[in-house]
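Some notes on the structure that comes next.
The values are calculated or read from the model by the stated rules, or taken from the named source; none is laboratory data. Because the structure is a prediction, the values reported are computed rather than measured. Heads up, the Cβs are rebuilt from the backbone with ideal geometry, glycines too, and the neighbour counts pull from every protein chain shown.
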């Protein structure tokens, strides 16, 4: 079932652009800074040890996980929220919960989703009826991100660019702490991710329901190992 519509091509209104920048900010109180999504375990295993390997790891994660799972779900959930199609929202949310491959990754999306939902309650960005429905969900962060972005007037492409850049900033900061690396290395990693994000977004926009997938065995193994890792800075 294809729920996508044509993405908006008109220039974003200043208020829409600012809302997307706001949502992408690491200062958003959802706790993204406390997760490394398996990167810390990759460092512990010796798979990531310097700027080059950290950069390669995150680029691969962008294309193999975000572009094939979270980003297409956000695009489809954005349309569903705007249509008031709660059955579709519920199905997308359930797919994300079912395809998180480890306990840590599931707890991350649930915690960040709950935090974003609580943040959203304090701002006039969604109707009371929509918030009531969202309150009944076992939340996932991508689906709640789509809800938060739904009132911006931005098209799917711009919303996905915003989400992916926010993820890239958080993961770059995780690399700085876990490897560790200096700030200049971090900016080079972020520059590379920024150059790769538009390609990942276009890939995500082209996916239908049957094309989405969550299959990254090495990441799942490392995430499982991280659950019992002796010394760690991050929750995933």
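Some notes on this structure:
- In region 134-142, the condition of being touching a residue at least 60 places away in the same chain (Cβ under 8 Å), in a helix (DSSP H, G or I) and closer than 24 Å to residue 219 by Cα is met by at least one residue.
Each row is one residue, and each column tells you yes or no for (1) in contact with a helix residue (DSSP H, G or I) (Cβ under 8 Å, 6 or more places away or on another chain); (2) under 16 Å from residue 112 (Cα atoms); (3) surrounded by 24 or more Cβ atoms within 10 Å (Cβ to Cβ).
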site: 135; (1), (2), (3): yes, yes, no
site: 140; (1), (2), (3): yes, yes, yes
site: 145; (1), (2), (3): yes, yes, yes
site: 158; (1), (2), (3): yes, no, no
site: 161; (1), (2), (3): yes, no, no
site: 180; (1), (2), (3): no, no, no
site: 186; (1), (2), (3): yes, no, no
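- Near pairs, Cβ below 6 angstrom, 6+ apart or cross-chain, from region 209-236 (within 17 Å of residue 97 (Cβ to Cβ)) to any residue that is part of a loop (DSSP other than H, G, I, E, B) and at pLDDT below 90: 209/1
- Of note, residue 176 satisfies the criterion of being assigned to a helix (DSSP H, G or I), touching a helix residue (DSSP H, G or I) at 6+ places or on another chain (Cβ under 9 Å) and surrounded by fewer than 20 Cβ atoms within 10 Å (Cβ to Cβ).
For every residue, the table says whether it meets (1) under 22 Å from residue 160 (Cβ atoms); (2) at pLDDT below 95; (3) crowded, with 23+ Cβ neighbours inside 10 Å; (4) touching a helix residue (DSSP H, G or I) at 6+ places or on another chain (Cβ under 9 Å).
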site	(1), (2), (3), (4)
28	yes, yes, no, yes
54	no, no, yes, yes
66	yes, no, yes, yes
85	yes, no, no, yes
89	yes, no, yes, yes
